[in-house]
Amino acid sequence: MKKLLILLCIPLIIASCATSTKSLAPAPTPETKSTNVVTPATYAATITSDELKEMLYKYASDEFEGRETGEKGQKLAVDYLKTKYQDMGIASPLGDNYFQDVPLEKQKVAEAQLSVNGKNFENFKDLIAVAVSESVDILINEVVYVGYGIDADNYSDYKGVDVKGKIVLAKAGEPEDVDGNYITSGDKKETKWTNGRQSLSSKSQAAMENGVKGLIYLDEGLFSRYAPYFKRQASSGSAGRLSLKNKEEGMMMLMVNKNLATALHSEIMDDNTPKVVNTKLKMTIENNSINISSENVVAFIEGSEKPEEILVISAHLDHEGVKNGKVYNGADDDGSGTIAILEIAEAFKTAQLAGDAPKRSILFLHVTGEEKGLLGSRYYTDMNPIFPLKNTVANLNIDMIGRIDPKRKEGSRNYVYLIGSDKLSSDLHNLSEEVNKKYTNLELDYTYNDENDPNRYYYRSDHYNFAKNNVPVIFYFNGTHADYHKDTDTPDKIEYDLLENRTRLVFHTAWEIANREERIVVDKTSEQ
């Protein structure tokens, strides 16, 4: 990256950028042509396709071995990012340490020995141990039945029920009113309490928040899909999916079929009322987890007027690693977002050194473990936010902005998909639109922002962990392509002029958020 000490020659920098790279940005206005006027476009011009290309060919090279979470390639990636920030003179909010340690564990499939009232049940036929943070050996005479296991503002199966430190039993689904509308939402559209894996996560989270020691969950549909997978994993002896490791004792979770669930509570299918159920349960599970170390990378520019208010710009630094001897380089996913942040950081640092620092602080957040379930961002938001989420004004998340979606048959090549900009804040959405019209003139495509989008991209990248905490977000995305999650996602296939213009859009949006007088207004509430 260019040496920042030549900032005294900003007009020369802009001139050289204009001649060295193809750009889709609009032609300079009389304002930006003036050598006496410095505008946000001046700093945005330091974002160039040449520098993006140079960095991406390095970051998505075979040398980084696909950046598998916790493996050698990921360690090389975080060291690369750290060095870049040090070279730019951008500090870490953690002092000399640019790494936020993210404790993970990889668990071999645990096989539970379980009996109810003296009757034994079989692993993978009747039950699977979904999560075990420590070995379990219990004998109890009651479980607490919590119906659907929902804990929402307008409906709760936990209200007035003592579940702290206890084993609870819950079932899939959600109650409906006489018209067939879901109680929590008032309409027939699936909610987070009914939608497949999202419902499993939501009900697990509700149980943890209520202090439950162990959750036994009946979902025949998910069980039929999960059981064969868990059985194959157990037979192969391979380690399972990565998960966040709780510093405190975590919650045990079993998924069971109807056979076992009715043994625990014979009326479970018809009874929705929480209650204590007398039943003798004996269970032994051995925790076989393996500790894995990984890191988020964090860099920080302090605001000049409102330093306590934080804008987070994020992208995930990991990818799929090496499979069958082939490196999954992840140039678009998400090398493009990662190096975009580096260029945005350089632009803000350029402004700071020119005496034009942002009013609000900016955290450049490179998260780990996105491919493993949004783990790095969830650790930051749910377990260890460096800055309070109440002080976080917005999150701009960049995940795949270097390619063209082949399924997109109409519209300009110069586009980007935006997801989530209007979910929590009309203010943020309007700001985003105005900034684009003023500076970059991309076609903003909201196809995947549709609530009925079957891809559900809103829930599938790191912005979601901010959004669920009522932090306004924008997710920048180019769509998938034939090389998505394949070893053919390589730097030579990136459209670098598009990458430049999309990166500039994020910068300009960040600049406006960071420098306007009032923080972004949240006028909607997360229903996630």
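The values are calculated or read from the model by the stated rules, or taken from the named source; none is laboratory data. All values reported here derive from a predicted model rather than from experimental measurement. Neighbour counts are summed over all protein chains in view; Cβ atoms, including those assigned to glycine, are modelled from backbone coordinates with ideal geometry. Each accessible area value is taken on the protein alone, full model and side chains, heavy atoms only, with ligands, DNA and RNA left out. Shrake-Rupley method; radii C 1.70, N 1.55, O 1.52, S 1.80 Å.
Restricting to segment 97-115, and then to whatever is modelled with pLDDT of 95 or more and more than 19 Å from the chain's Cα centre (by Cα), can you tell me which residue is nearest to Val327 (Cα to Cα)?
Tyr98
So in segment 367-400, with the set limited to residues that are in contact with a Gly (Cβ under 6 Å, 6 or more places away or on another chain) and not charged (D, E, K, R), which one is farthest from Gln205 (Cα to Cα)?
Ile398
Does segment 170-185 hold any residues that are in contact with a Ser or Thr (Cβ under 9 Å, 6 or more places away or on another chain) and not polar (S, T, N, Q), and which are they? It would help to see each step written out before you state the result.
Here is the first cut: in segment 170-185, the ones in contact with a Ser or Thr (Cβ under 9 Å, 6 or more places away or on another chain) are 172-175, 182, 184-185.
Those that are in contact with a Ser or Thr (Cβ under 9 Å, 6 or more places away or on another chain) and not polar (S, T, N, Q): Ala172, Gly173, Glu174, Pro175, Tyr182.
Is there a residue being of a type in the set (A, V, I, L, M, F, W, C), open to solvent by 10 Å² or more (accessible area, probe 1.4 Å) and either more than 28 Å from Gly373 (Cα to Cα) or outside any helix (DSSP H, G or I) (or both) anywhere in segment 303-324?
Pass one, segment 303-324, residues of a type in the set (A, V, I, L, M, F, W, C): 310-313, 315, 317, 322.
Going one step further and asking which of them are open to solvent by 10 Å² or more (accessible area, probe 1.4 Å), we end up with 322.
Of the ones still in play, those that are also either more than 28 Å from Gly373 (Cα to Cα) or outside any helix (DSSP H, G or I) (or both) are 322.
Taking every residue of segment 303-324 in turn, at least one turns out to be of a type in the set (A, V, I, L, M, F, W, C), open to solvent by 10 Å² or more (accessible area, probe 1.4 Å) and either more than 28 Å from Gly373 (Cα to Cα) or outside any helix (DSSP H, G or I) (or both).
Kindly indicate whether Glu495 is over 16 Å from Ile362 (Cβ atoms) and either of a type in the set (Gly, Ala, Ser) or surrounded by fewer than 15 Cβ atoms within 10 Å (Cβ to Cβ) (or both).
Numbers: over 16 Å from Ile362 (Cβ atoms): yes; either of a type in the set (Gly, Ala, Ser) or surrounded by fewer than 15 Cβ atoms within 10 Å (Cβ to Cβ) (or both): no.
Criteria not met by Glu495.
Quick one: is Ser304 over 30 Å from Val161 (Cβ atoms), at pLDDT 95 or above, in contact with a Leu (Cβ under 6 Å, 6 or more places away or on another chain) and among the polar types (S, T, N, Q)?
no
Restricting to segment 475-528, give me the number of residues that are part of a helix (DSSP H, G or I), charged (D, E, K, R) and over 19 Å from Thr338 (Cβ atoms).
Narrowing segment 475-528 to residues part of a helix (DSSP H, G or I): 491-493, 496-515.
So of that shortlist, the ones also charged (D, E, K, R) come out as 492-493, 497, 500, 502, 504, 512.
With over 19 Å from Thr338 (Cβ atoms) added as a condition, the list becomes 512.
The qualifying residues number 1.
Restricting attention to segment 134-157, which residues are among the hydroxyl-bearing types (Ser, Thr, Tyr) and either over 13 Å from Leu215 (Cα atoms) or surrounded by fewer than 18 Cβ atoms within 10 Å (Cβ to Cβ) (or both)?
Ser135, Tyr155, Ser156 - these are the residues of segment 134-157 that are among the hydroxyl-bearing types (Ser, Thr, Tyr) and either over 13 Å from Leu215 (Cα atoms) or surrounded by fewer than 18 Cβ atoms within 10 Å (Cβ to Cβ) (or both).
Within segment 410-426, track down each residue that is in a loop (DSSP other than H, G, I, E, B) and closer than 21 Å to Val471 by Cβ.
Within segment 410-426, Gly420, Ser421, Asp422, Lys423, Leu424, Ser425 meet the criteria.
Could you check, for segment 396-405, whether at least one of its residues is of a type outside the set (A, V, I, L, M) and surrounded by fewer than 24 Cβ atoms within 10 Å (Cβ to Cβ)?
The answer is yes; a qualifying residue exists.
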